[in-house]
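Inspection log for the structure reproduced underneath, given as structure tokens.
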Amino acid sequence: MYKIKHAEFLALDIKKFVIEAPKIAKKRKAGQFVIVRANDKGERIPLTIADSSIEDGTITIIIQGIGKTTKELNAMQTGDFFLDVVGPLGKASHIENFGTAVCIGGGVGTAIAFPTAVALKEAGNKTISIIGARTKDLVILEKELKEISDEVFVTTDDGSYGFHGFVTQKLKEIIDCGEKINFVLAIGPIPMMKAVAEVTRPFGIATVVSLNPVMVDGTGMCGGCRATVDNKTVFVCVDGPEFDAHKVDFNQLMTRNKMYNDKEKIALNHFECNYDIAYEKAKSEIYQ
Amino acid sequence: MTEISKKDRMKIPRQAMPEQNPLERKNNFLEVNLGYTEELAKLEALRCIQCPKPVCVEGCPVGVKIRDFIELVAQGDFLGAAAKIKEDNVLPAVCGRVCPQEEQCEIKCVVGKKGEPVAIGRLERFVADFERQNVGIRTPKLNPKTGKKVAIVGSGPAGLSCAGDLIQKGHDVTVFEALHEIGGVLIYGIPEFRLPKEIVKAEVDALKDLGVEFKTNAVIGFTDTIDELLETEFDAIFIAVGAGLPYFLGIDGENLNGVYSANEFLTRVNLMKAYRFPDFDTPVFDVKGKDIAVFGGGNTAMDAVRTSKRLGAKNAYIVYRRSEVEMPARKEEVHHAKEEGIEFLMLTNPLKFVDDGNGWLDGVELQKMELGEPDSSGRRKPIPIVGSEYVRQIDMAVIAIGNGSNPIIQQTTPDLSFNRKGNIVVNDANMKTSKKGVFAGGDIVTGGATVILAMGAGRTAANAIDQYLKDSNW
Ligand SMILES: Cc1cc2nc3c(=O)[nH]c(=O)nc-3n(C[C@H](O)[C@H](O)[C@H](O)COP(=O)(O)OP(=O)(O)OC[C@H]3O[C@@H](n4cnc5c(N)ncnc54)[C@H](O)[C@@H]3O)c2cc1C
Ligand code: SF4
Ligand code: FES
């Protein structure tokens, strides 16, 4: 059992959890993830470690409530327990002083990019961060990123905050302004990561993305997380999760991630009928 | 009863084990075999002629005292028989169900030279079930505590048998397991209808009662490294992480939606209970009314195909590139699969998976094979028949062609020797690795093998660890 020492909503449906897990806190490096299972009927889902504190023995994860499992997790509160938290899993981000590094986070991907942005800065990079969100209320970690970045840009799809448009437009603008970029990290929805790869490809800028396939064990045992990179099959949980954006077959990943879409609807329905109280409570908390 | 002559004993026919009707069981996940009654067990036990030199024992990788326990069964002392088995085997209810007795103890049995061998496996199963169901699993006496601590990495049969032996020898034992449940393949791989999870849990609980500590959610290499375990707490380590890294066929279309490794398919259904979706959250491809094919001929393939039938598949095929005689699966499993309506496409090899245009599996291109000369494995080599290619429409495919070695321990333990296949190199006599204080056994050493071989390795290691803790010799 892993105690939730602190839980709070950062934005609509996006919740931050600080969890007691001293061993993982001590071990984890930027880019690694944990597998979490809420209860004994729950799924095992991968979540990137956004932050940790060795002194407190805690790790921080940030969850966007989309499907049944993530909504159920987001209904949990300070003092509750996750049944299983295992990690740190996957390979750590490759960090070096590239020169100028741009970290792009789309939606909850900002939380996943955050620890790597910190590490890149600490390695001596000039660090530019771009946060993309649908709308102003969904912008997360702006303050935290400002503390560690040389520059931060926010883009919203609807123009309600910051730059009106997509992260790729902002990235293109930065490149066009003559900024010499040596490294780009992009984490977010697959279409966003794919689009970033296409922006940087003609300039030959090294670009890394963090993939988010469906996983089960997270240790290389099932092969469910496989993806195609450089025309070869990889197991994202042990070979990644970060890969060269210019070599990833994003279309295949997108299709594979839709494998259980129909089931997801059934599960969500089942959940909302059975747990409407917990769910309503979670919702009301958001609007407090 | 025990006065019965040898001749009369030989006249008793081998007793069949009651089982669920195939037409019923293909729709449920309840156990197929129902086990002997007391009467059947006694009758079967009488078939054993109590050889002065019991050759059956030579066939048992852990050396269960087969003759002696069978004699106790014949006398009706079932609890005595259970204690006798447990002197050598900590998981008798598991082994009685999944061991390939037909190629181990039973193949050696003297009675089998003329007729059918004594049903040793069925008796073992009966005895273990009798004890568990009537008085609960009784635990043996422990030696006085030695104050030494041993870490076991992986909770499959190799790890569990080593833990059971070491705790009896008086050492403290902690088992680290990557998953959230204890049992390795017994929990995530072998299905409920062949090995009920309750039985695995009961045998694991018995180890807990003995004082074995279990730590789940611990991926050694990541959560702690082997070196950290040695430096901080433990005097010796036994690595028993199994062979968990599924092989794929390496053909086109293998990453289409609807193509699974057997590990993933079985883990979703067994460990994560996808057959009870949506009460349990983990889904699996909905095979109801669909056509599915499983590629491979081992126990894993049989488990996957029979599972898909139970989930409601219309047609379920085994596709295997050699012929039925070469199939490594247990005969009983093949027989059960056929009874349940599984179709066997023998001498057939997949060439590529066909896309439905949206990234989902629509079919498989197959090619017929014929058998040529024996290859290095001694089995006749399958050779493609040119021009025999055809496409079969299928909705789901499961690849069950074996497992390689998981790289996590290798990547995080630099001074441990591995062979080219990624298996840990050990001295077979004592399971010592290249690294002082570290032993290894089970599938991570041999590649995918059997439950009982893994348990045998655990036992050999336990003896060697006990010795090492006394003399520190490497
Ligand atoms: C579907 C299926 C059916 C089978 N049927 C039969 C049968 O009928 N009869 C038979 O005799 N054999 C059968 N086998 C083979 C048999 O199950 C294996 O040979 C046996 O389980 C191997 O035991 P093990 O202890 O070496 O490893 P495993 O049972 O594989 O256990 C290893 C454990 O270690 C854990 N682990 C892995 N890495 C780490 C790590 N880094 N840190 C911590 N823990 C880790 C794993 O999660 C796992 O729980 C079958 C196998 C499968 C897959
Ligand atoms: S070989 Fe057969 S008959 Fe002889 S002791 Fe063993 S089981 Fe009994
Ligand atoms: S999640 Fe199972 S192999 Fe990656």
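In table form, for the structure just shown:
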| quantity | calculated |
| --- | --- |
| Mean Kyte hydropathy of -0.5 or more with a Cα span along the axis of at least 27 Å, helices from DSSP in chain B | B:451-471 |
| Estimated FRET transfer efficiency (B:Glu87, A:Ile266; beta-carbon r; R0 45 Å; 0.05) | 0.35 |
| Heavy-atom accessible surface of the protein assembly as shown: percent carbon and sulfur, 1.4 Å | 50 |
| Share, in percent, of DSSP beta bridges within the protein assembly as shown that are antiparallel, nearest 5 | 50 |
| Helix-only [θ]222 nm of the protein assembly as shown, DSSP H runs n ≥ 4, -39500 (n - 2.57) each, per residue, nearest 500 | -9000 deg cm²/dmol |
| Cα Rg, Dmax, the stretch B:200-315, angstrom units | 18.7, 56 |
| Separation between Cα centres of the stretch B:424-474 and the stretch B:176-247, rounded to whole Å | 16 |
| Whole-Å distance, taken between Cα centres, linking the stretch B:126-174 and the stretch B:1-60 | 27 |
| Relative packing of B:450-457, A:239-246, A:50-57, B:274-281, which averages over residues the other C-beta atoms within 10 Å, highest first | B:450-457, A:239-246, B:274-281, A:50-57 |
| Virtual spin-label span in nm between B:Asp279 and A:Glu142, 7 Å along Cα→Cβ | 4.8 |
| Set of lysines near B:Lys368 by C-alpha distance (under 20 Å), chain-local residues within fewer than 8 positions excluded | B:Lys352, B:Lys381 |
| Surface accessible to a 1.4 Å probe, per residue, for the residues of the protein assembly as shown, Å² | 40 |
| The stretch A:100-257: relative contact order in percent, alpha carbon pairs under 8 Å with at least 6 residues between | 19 |
| Percent of beta bridges antiparallel (DSSP, the stretch B:206-363, rounded to nearest 5) | 15 |
| At q = 0.07, 0.13 Å⁻¹, base-10 log of I(q)/I(0) for chain A (Debye sum, equal scatterers on each alpha carbon) | -0.24, -0.89 |
| Surface/4 of the Cα convex hull for the protein assembly as shown, nm² | 35.7 |
| Using distinct alpha-carbon pairs, which all enter the 1/r mean, Kirkwood radius of chain B in Å | 23.6 |
| Hydrodynamic radius (Kirkwood) for the stretch A:100-257, which is based on Cα pairs only, to one decimal in Å | 15.8 |
| Most fluctuating residue given options A:Gln32, A:Gln64, A:Gln169, as computed from a GNM of chain A linking Cα atoms under 10 Å | A:Gln169 |
| For B:Val398, distant residues with modelled amide H under 5 Å away | B:Tyr260, B:Ala293, B:Val294, B:Phe295 |
| Peptide-level mean, for B:255-264, of C-beta atoms on other protein chains within 10 Å | 5 |
| Interchain or long-range residues, amide H under 5 Å from A:Cys103's placed H | A:Ile128, A:Ser129, A:Ile130, A:Leu185 |
| Accessible surface ranking that places the most exposed of B:Trp474, B:Trp360 first, with a 1.4 angstrom probe | B:Trp474, B:Trp360 |
| Cβ-defined net charge surrounding B:Thr460, 13 Å radius [Lys, Arg +1; Asp, Glu -1] | -2 |
| Partner lysines for B:Lys470 [C-alpha distance under 22 Å; skip if fewer than 8 residues away on the same chain] | B:Lys141, B:Lys145, B:Lys148, B:Lys149, B:Lys169, B:Lys432, B:Lys435, B:Lys436 |
| Interface area, B with A, accessible, probe 1.4 Å, both sides summed, Å² nearest 100 | 3700 |
| Where only alpha carbons of the stretch A:2-89 are counted, the Rg and the Dmax (Å) | 11.7, 33 |
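The values are calculated or read from the model by the stated rules, or taken from the named source; none is laboratory data. Values in this document were obtained by computation on a predicted structure and should not be read as measured data. All Cβ positions, glycine included, derive from the backbone under ideal geometry; neighbour counts span all protein chains shown. These accessible areas exclude ligands, DNA and RNA; they are computed on the full protein's heavy atoms, side chains included. Shrake-Rupley method; radii C 1.70, N 1.55, O 1.52, S 1.80 Å.
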